[in-house]
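Student: Dropping a structure here in structure tokens format, bear with me for questions.
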Amino acid sequence: MQLNRKPLPPLLQLLDLCCIELSNWRWSWQAIALTATISPVLSIIALGTFAPNGDREAKSAILIGSLVMSLMFGNLGNLSSRFAYMRFSGVLDFYMTLPVRRSLLILAVVLAFFLLSFPALLVTLLFGSWFLQLPLTLHWLLWLAIPLCVVPLAGVGAAIGIKAPNPEVTGAVTLLVTMLALFIGPVLLPASRLPRIVQFLGDFSPATHAATVLRQTLLEPPTSSFFLSCGVLLGFSLLTFWLVSRSLQPKGN
């Protein structure tokens with residue numbers, strides 16, 4: 001007898017998928033949080049030790065760059081690994097047989113890793129502010145800035161996991177993209193100390209714009225560049241999600 005069940009409403013699909021993703025990490029979320037915390041905190045200690053006491057510009061770049069690093073390890077890196085695993089283990093094919101929207105599956109994985117990465121982001125922010133002696137001036141637009149930073153980075157990770165030819169290449173490409181994003185553009189280093197060509201190339205990186213929106217909601221008042229970077233991050237988000245959704249379409253469609 002053939003069952004003729006209607007798909008669940010989109011919100012329930014998203015909730016179910018998100019719970020499934022979170023349940024996959026119920027025994028290992030501590031390791032994910034630790035990985036996304038250790039590298040940024042060590043970066044703050046190492047770079048902050050050599051920053052002159054009165055150099056607020058350098059200290060601000062170290063704090064904001066470390067926050068972006070935490071988001072990249074917690075979202076870009078984990079999304080690429082997760083999608084590569086689902087793709088090569090057949091989990092993704094199983095999901096495609098279920099009456100769920102592909103876009104909601106992508107969104108559920110992004111939400112799950114965002115929740116898992118949030119403790120590391122909070123620890124990095126509080127530790128960095130204390131260690132670098134930088135007072136925080138939290139702006140209400142921070143609630144908009146954080147998701148706008150997470151989604152394009154996660155989208156890049158998902159695209160790497162979907163497109164890479166094998167899991168080994170996925171890891172190598174993810175590490176390469178992370179390093180390039182952190183050091184090409186004013187992310188970990190102030191813009192005034194970078195060559196003009198590096199500043200120009202940084203304009204094409206979502207990490208650069210993530211650093212801008214975080215800096216202007218945590219340490220400085222927002223300016224017109226905040227809204228410009230928000231627009232760029234939104235564009236990156238839509239582009240990467242379109243690429244990943246397109247790759248999940250069944251062959252022949």
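The values are calculated or read from the model by the stated rules, or taken from the named source; none is laboratory data. These numbers come from a predicted model, not from an experiment. Here the Cβ positions follow ideal geometry from the backbone for every residue, glycine too, while neighbour counts run over all protein chains shown. For the accessible areas, the whole protein counts, side chains as well, though only heavy atoms, and no ligand, DNA or RNA atoms are used. Shrake-Rupley method; radii C 1.70, N 1.55, O 1.52, S 1.80 Å.
Student: Of the conditions (1) surrounded by 15 or more Cβ atoms within 10 Å (Cβ to Cβ); (2) free of Cβ contacts under 8 Å to residues at least 12 places away in the same chain, residue 89 clears all except one; give me its number.
Tutor: That leaves (1) as the condition not met.
Student: Take the range 70-86 and flag every residue that is open to solvent by 30 Å² or more (accessible area, probe 1.4 Å) and polar (S, T, N, Q). Before you say what the answer is, go through the steps one by one.
Tutor: So in the range 70-86, the residues open to solvent by 30 Å² or more (accessible area, probe 1.4 Å) come out as 73, 78, 81, 85.
Passing the criteria: 78, 81.
Student: Restricting to the range 1-33, give me the number of residues that are surrounded by 13 or more Cβ atoms within 10 Å (Cβ to Cβ) and within 30 Å of residue 62 (Cβ to Cβ). Steps first, answer last, please.
Tutor: Step one: filter the range 1-33 for residues surrounded by 13 or more Cβ atoms within 10 Å (Cβ to Cβ), giving 8, 10, 13-18, 20-22, 24-25, 29, 32-33.
Going one step further and asking which of them are within 30 Å of residue 62 (Cβ to Cβ), we end up with 25, 29, 32-33.
The qualifying residues number 4.
Student: To continue, here is another question. Open to solvent by 20 Å² or more (accessible area, probe 1.4 Å), more than 21 Å from residue 67 (Cβ to Cβ) and within 14 Å of the chain's Cα centre (by Cα), is that true of residue 107? Spell out how you get there, then give the answer.
Tutor: Numbers: open to solvent by 20 Å² or more (accessible area, probe 1.4 Å): yes; more than 21 Å from residue 67 (Cβ to Cβ): yes; within 14 Å of the chain's Cα centre (by Cα): yes.
Judged against the criteria, residue 107 is a match.
Student: For the range 189-253, which helices (runs of 4 or more DSSP H) that fit wholly inside it have 2 or more residues that are open to solvent by 70 Å² or more (accessible area, probe 1.4 Å)? Lay out the reasoning, then the answer.
Tutor: Working: elements: 196-202, 206-218, 224-247.
Passing ranges, in order: 196-202, 224-247.
Student: Follow-up question, since we're still on this one. If only one of 100, 109, 151, 68 is more than 22 Å from residue 204 (Cβ to Cβ), assigned to a helix (DSSP H, G or I) and β-branched (Val, Ile, Thr), which one is it?
Tutor: Values: 100 fails: assigned to a helix (DSSP H, G or I); 151 fails: more than 22 Å from residue 204 (Cβ to Cβ); 68 fails: more than 22 Å from residue 204 (Cβ to Cβ).
Answer to the selection: 109.
Student: Can you name the condition, by its number, that residue 192 falls short on among (1) small (Gly, Ala, Ser); (2) modelled with pLDDT of 90 or more; (3) under 15 Å from residue 61 (Cα atoms)?
Tutor: For residue 192, the exception is condition (2).
Student: Can you tell me which residue in the range 155-183 is surrounded by the fewest Cβ atoms within 10 Å (Cβ to Cβ), limited to those that are in contact (Cβ under 8 Å) with a residue 24 or more places away in the chain and not in a helix (DSSP H, G or I)?
Tutor: 166
Student: Output the number of residues of the range 118-154 satisfying the condition of being under 14 Å from the mean Cα position of the chain (by Cα) and either surrounded by 22 or more Cβ atoms within 10 Å (Cβ to Cβ) or of a type in the set (S, T, N, Q) (or both).
Tutor: 10
Student: In the set 46, 33, which member is within 30 Å of residue 130 (Cβ to Cβ), within 19 Å of the chain's Cα centre (by Cα) and part of a helix (DSSP H, G or I)? Break it down into steps so the answer makes sense when it comes.
Tutor: Details: 46 fails: within 19 Å of the chain's Cα centre (by Cα).
So the residue among 46, 33 that is within 30 Å of residue 130 (Cβ to Cβ), within 19 Å of the chain's Cα centre (by Cα) and part of a helix (DSSP H, G or I) is 33.
Student: Go through the residues of the range 53-62 one by one and say whether even a single one is over 17 Å from residue 245 (Cβ atoms), in contact with a helix residue (DSSP H, G or I) (Cβ under 6 Å, 6 or more places away or on another chain), in a helix (DSSP H, G or I) and modelled with pLDDT of 90 or more.
Tutor: Of the range 53-62, the ones over 17 Å from residue 245 (Cβ atoms) are 53-62.
Remaining after also requiring in contact with a helix residue (DSSP H, G or I) (Cβ under 6 Å, 6 or more places away or on another chain): 62.
Cutting the leftovers down to in a helix (DSSP H, G or I) gives us 62.
So of that shortlist, the ones also modelled with pLDDT of 90 or more come out as 62.
Checked the range 53-62: at least one residue is over 17 Å from residue 245 (Cβ atoms), in contact with a helix residue (DSSP H, G or I) (Cβ under 6 Å, 6 or more places away or on another chain), in a helix (DSSP H, G or I) and modelled with pLDDT of 90 or more.
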